[in-house]
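Inspection log for the structure reproduced underneath, given as structure tokens.
Readers should treat all values here as calculations from the given coordinates under stated rules, not as data from a laboratory. All figures in this text were calculated on a predicted structure; none of them were measured in a lab. FYI the Cβ positions are ideal-geometry reconstructions off the backbone, even for glycines, and counts take in every protein chain you see.
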């Protein structure tokens, strides 16, 4: 655990080799094809993206998300202090409850999306791997000196996702209450194969599943234990991306950025009701204004005809008028046709609206579609 991590400056960072995760050798033993992502070497696939995607939808997939930043914010007045940094209502966050939130800049642009949970010793925050050092720096500036922000860099993070995740995990998890007591966005302390673990019923695939925070020294034993179950296989970044796209979940750095706001990103639920009126967090003036007046554009889902997928950066047209841009796109293994997310003019967000997307000099027919593209199966 490092309270004051040393971060390289930009020039030094360019010269640094990608970091490795605690499971690096295990991934390679399992046949993982390693690529650089968010400054780490990570498995993009094992058997193949299509096969891994469909396996997770039907069984259970184990994802290594240890590149993400795990933080513990604690100290006297921690709730009020963190509310000055995040648009979250911590007065209603009960012990063991998990909530989605956003880190905003002074103009209301999104610096990151994150998860906050109440632990007995403070508030546990999980941020994206590509932005974690910037997030830590931003939070340190916003939080008072008597509130401590610890980077839990001695912990690993796994995600077990899919309709059979519960059955596989239940065989090994024990605690003061059964694993079945956890519903979506609830968590608690358990023992998993003799290892102390924080387990929450959450994830980013749209499926029922769990996120598991454990000491890094124990992660290989836990991964091996879970993948020893017949329902579980290791799954790479490629399938994680196609699963979250089908689930209509935005990815920071693609669908979310400082140029997007909570309202135009269709993430109104991430701004708690009390905070929408009281403000008191970075960018709150813009957030309150956007809630009242709306925004010029909105994040939408698109379904495409044919087999060619739209990719990030592709322009969206209404007849011959450019009206938006694709931020994520790909072929949906579950639906067997291409899907995409895009930001378009707010007047064109009605389901069924016909648009076209320009790809490689061609115009692809598309229609605005409701998200998620594949229904969520969270255990509520």
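Couple of notes before you dig in:
- A simple spin-label model places pseudo-atoms 7 Å from Cα toward Cβ; at residue 291 and residue 346 they are separated by 1.5 nm.
- 222 nm mean residue ellipticity, helices alone, for the chain (DSSP H n ≥ 4; -39,500 (n - 2.57); rounded to 500): -5500 deg cm²/dmol
- The gain in end-to-end length when the residue 38 to residue 378 segment is fully stretched comes to 119.7 nm, 0.36 nm per residue minus the alpha carbon separation.
- The value of relative contact order for the chain, using C-alpha pairs under 8 Å at least six residues apart, is 18 percent.
- Its residue count N fixes a reference of 2.2 N^0.38 Å for the chain, and the Cα radius of gyration divided by that reference is 0.98.
- Choice from 346, 292, 117 with maximal GNM fluctuation in the chain (Cα, 10 Å cutoff): 292
- Simple spin-label estimate for residue 80 and residue 180 in nanometres, 7 Å along Cα-Cβ: 4.4 nm
- Three principal axis extents of segment 132-226 based on alpha-carbon atoms, in descending order, are 43, 28, 24 Å.
- Ascending count of other beta-carbon atoms within 10 Å, so fewest first, for 50, 359: 50, 359
- Size-normalised alpha-carbon gyration radius of segment 224-380, reference 2.2 N^0.38 Å: 1.17
- Across every direction, the projection of the convex hull enclosing the Cα atoms of segment 296-380 has a mean area of 6.0 nm².
- Sorted by Cβ density within 10 Å, fewest first, the residues 362, 164: 362, 164
- Segment 116-222: relative contact order in percent, alpha carbon pairs under 8 Å with at least 6 residues between: 25 percent
- This ranking places 191, 183 by how few other beta-carbon atoms lie within 10 Å of each, fewest first, which gives 183, 191.
- Spin-label pair residue 95-residue 307: with each label point 7 Å from Cα along the Cα-Cβ axis, the two points sit 5.7 nm from one another.
- Overall form of segment 46-129 per C-alpha gyration tensor (a/c, 1.5; a/b vs b/c): prolate
- In segment 275-336, the alpha-carbon atoms span a convex hull of 146 Å³ per residue.
- Residue of 320, 106, 64 that the Gaussian network model of the chain assigns the largest fluctuation, springs spanning Cα pairs under 10 Å: 320
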